[in-house]
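A quick write-up on the structure given underneath.
The values are calculated or read from the model by the stated rules, or taken from the named source; none is laboratory data. The shown structure was predicted, so the numbers you read here are calculated from the model rather than taken from an experiment. All Cβ positions, even for glycine, are placed from backbone atoms using ideal geometry, and neighbour counts span all protein chains on display.
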Amino acid sequence: MRLLVAVLLLVTLLIVIGIHWYLLRRLVLDTTRRGASARKWATAAIAYFVTGNHEYHSGFEDWIAEVRSLGLRPLRNERVELDGLDLAGVNDATAGSAGDPPDYDRALAGRDTSRPVVLLAHQPIQAHEAARRGADLQISGPTHGGQMWPFSLVIAAQQPVVAGLGRVDGMPVYVSRGAGFWGPPVRVCAPPDITLIELRTR
């Protein structure tokens, strides 16, 4: 019986390794094609980027360099002035483990408070810090909308907003479900989305 269990565990492990190898190989093979596509839309408008948790799993410096090569501007705990508003971005909440933590004060302090500020932060849970510093709106994601049940319950317990528009400590937070996935290429009751947000003055 123990031998059977050991064999089943070994087979399961090999299947998991095989799936990961396949997904990684597909990602590497698709990088050039996706990069060319990203360059087209990145050069059509000003595009900004903030790090998420996955960049810190495999060398975030290389990912940031790749993003720059695609024509996107990373906002690494910094703020830029746009026409009518400030746009700020902070590193991911988990980035401290890689020595690259989010710095909300650097991104949000010392600004002209008569100008609205929108904060880009990968995880919705970062909205608590943003609201404390007077941000007017946080845009986050993707949480993949939880991606699939019962994983969606874990996400809902961890993040204050899973998808769409919500409020955290009185501040509006919009969370995209995104168009991709994490791990297995499956989404259940979490349809993908690419969101267009139009900001208007009152």
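Criterion applied to I125, I139 was being surrounded by fewer than 22 Cβ atoms within 10 Å (Cβ to Cβ) and part of a helix (DSSP H, G or I), and the one residue passing it is I125. Whether a residue is surrounded by 12 or more Cβ atoms within 10 Å (Cβ to Cβ), at positive phi and at pLDDT below 85 was assessed, and G146 passes this test. I'd like the residue in region 77-91 that is aliphatic (A, V, I, L, M) and under 17 Å from P101 (Cβ atoms) and, out of all such residues, is surrounded by the fewest Cβ atoms within 10 Å (Cβ to Cβ). Looking at residues that are aliphatic (A, V, I, L, M) and under 17 Å from P101 (Cβ atoms), I get A88. I'd like the residue in region 163-184 that is surrounded by 20 or more Cβ atoms within 10 Å (Cβ to Cβ) and more than 21 Å from D103 (Cβ to Cβ) and, out of all such residues, is modelled with the lowest pLDDT. Once the filter is applied, the top-ranked residue is G178. Any idea which of G59, G89, G35, G18 is at pLDDT below 85 and closer than 27 Å to E129 by Cβ? Selected residue: G59, the only one of G59, G89, G35, G18 that is at pLDDT below 85 and closer than 27 Å to E129 by Cβ.
If the condition is being under 19 Å from Q126 (Cβ atoms), in a loop (DSSP other than H, G, I, E, B) and either touching a residue at least 40 places away in the same chain (Cβ under 8 Å) or small (G, A, S) (or both), then region 54-96 contributes L75, V90, N91, D92, A93, T94. Scanning region 97-131 for residues that are touching a residue at least 60 places away in the same chain (Cβ under 8 Å) and within 14 Å of Q159 (Cβ to Cβ) yields A121, H122, Q123.
Quick check: is even one residue across region 155-166 part of a loop (DSSP other than H, G, I, E, B) and under 15 Å from A88 (Cβ atoms)? No, every residue in region 155-166 fails to be part of a loop (DSSP other than H, G, I, E, B) and under 15 Å from A88 (Cβ atoms).
Annotation note: of D112, D92, the sole residue that is in the same structural domain as L199 (by TED's automatic domain parsing) and touching a His at 6+ places or on another chain (Cβ under 8 Å) is D92.
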